[in-house]
1. Of everything in region 9-45 that's in a helix (DSSP H, G or I) and acidic (D, E), which residue is surrounded by the fewest Cβ atoms within 10 Å (Cβ to Cβ)?
2. Just checking, which of H127, H101 is closer than 27 Å to D86 by Cβ, open to solvent by 20 Å² or more (accessible area, probe 1.4 Å) and in a helix (DSSP H, G or I)?
3. Test V52 against the criterion of being hydrophobic (A, V, I, L, M, F, W, C) and within 21 Å of S2 (Cα to Cα), and give yes or no.
4. Can you go through E158, E128, E145 and tell me which one is among the acidic types (D, E), touching a residue at least 24 places away in the same chain (Cβ under 8 Å) and out of contact with any Pro (no Cβ under 9 Å at 6 or more places or on another chain)?
5. Could you list, in sequence order, all residues of region 46-71 that are open to solvent by 60 Å² or more (accessible area, probe 1.4 Å) and not charged (D, E, K, R)?
6. Given the criterion within 18 Å of E39 (Cα to Cα) and either in contact with a strand residue (DSSP E or B) (Cβ under 6 Å, 6 or more places away or on another chain) or modelled with pLDDT of 95 or more (or both), identify the matching residue among D141, D86.
7. Tally time: how many residues in region 18-62 are of a type in the set (K, R) and in contact (Cβ under 8 Å) with a residue 12 or more places away in the chain?
8. Looking only at region 66-98, how many residues end up being charged (D, E, K, R), free of Cβ contacts under 8 Å to residues at least 24 places away in the same chain and not in a helix (DSSP H, G or I)?
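The values are calculated or read from the model by the stated rules, or taken from the named source; none is laboratory data. These numbers come from a predicted model, not from an experiment. In this analysis, Cβ positions are derived from the backbone assuming ideal geometry, glycine residues included, and neighbour counts consider all displayed protein chains. All accessible areas refer to the heavy atoms of the entire protein, side chains included, with ligands and DNA or RNA removed. Shrake-Rupley method; radii C 1.70, N 1.55, O 1.52, S 1.80 Å.
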Amino acid sequence: LSEGDARTAFAILDPAAEALAARDPGEPSLFTFLPDAIEAAVETGHVERALVLLERLETPAERLGRGWALQAASRCHGLIHIAAGDDDLATAAFKQALEVHAGLPSPRPFELGRVLLGMGSLQRRRHEKAAARETLARAGDAFRETGAVLWQARARAEAARIGGRRTE
């Protein structure tokens, strides 16, 4: 997924999600790869599958109050809403993810970067150029902080797709 190969990511992560679901551990920390599986499913057009995987992440996260998983679930809702063409719900989901992140006991800059990348991409598509530039710059900073150079490059590439002149 980091390399932009959602098909391969989905082919690997979806069977892993199915195998883990068969054991029904009920603890989101055992599903740390599920947000990636959901994103890969969305990117490959398997939105119905993404919804199934999202429920497997979100239900125990809500029951157990796992903030990191709730943040990831909100981000994934944003991606699913984008795929469904509902930009307003996507925006609300990304904002919810940012709110959850702000309340986490310890920062998770990589996960913050993922939320910001999704939000910035949406802002770019909505022609909210200044907001998109700022959001994508923040995403790049979060990825740089964690050494996630491939994700940092994705944020830069998304920012490069913004047309128009920059305001300084």
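1. This residue is E18.
2. Details: H127 fails: in a helix (DSSP H, G or I).
Going through H127, H101 in turn, just one is closer than 27 Å to D86 by Cβ, open to solvent by 20 Å² or more (accessible area, probe 1.4 Å) and in a helix (DSSP H, G or I): H101.
3. Here the answer is no, as V52 does not meet what is asked.
4. Values: E128 fails: touching a residue at least 24 places away in the same chain (Cβ under 8 Å); E145 fails: out of contact with any Pro (no Cβ under 9 Å at 6 or more places or on another chain).
Within the list E158, E128, E145, the selection yields E158.
5. Across region 46-71, the qualifying residues are H46, L51, V52, T59, L64.
6. After applying the criteria, what remains is D86.
7. Count: 2.
8. Within region 66-98, residues that are charged (D, E, K, R), free of Cβ contacts under 8 Å to residues at least 24 places away in the same chain and not in a helix (DSSP H, G or I) number 1.
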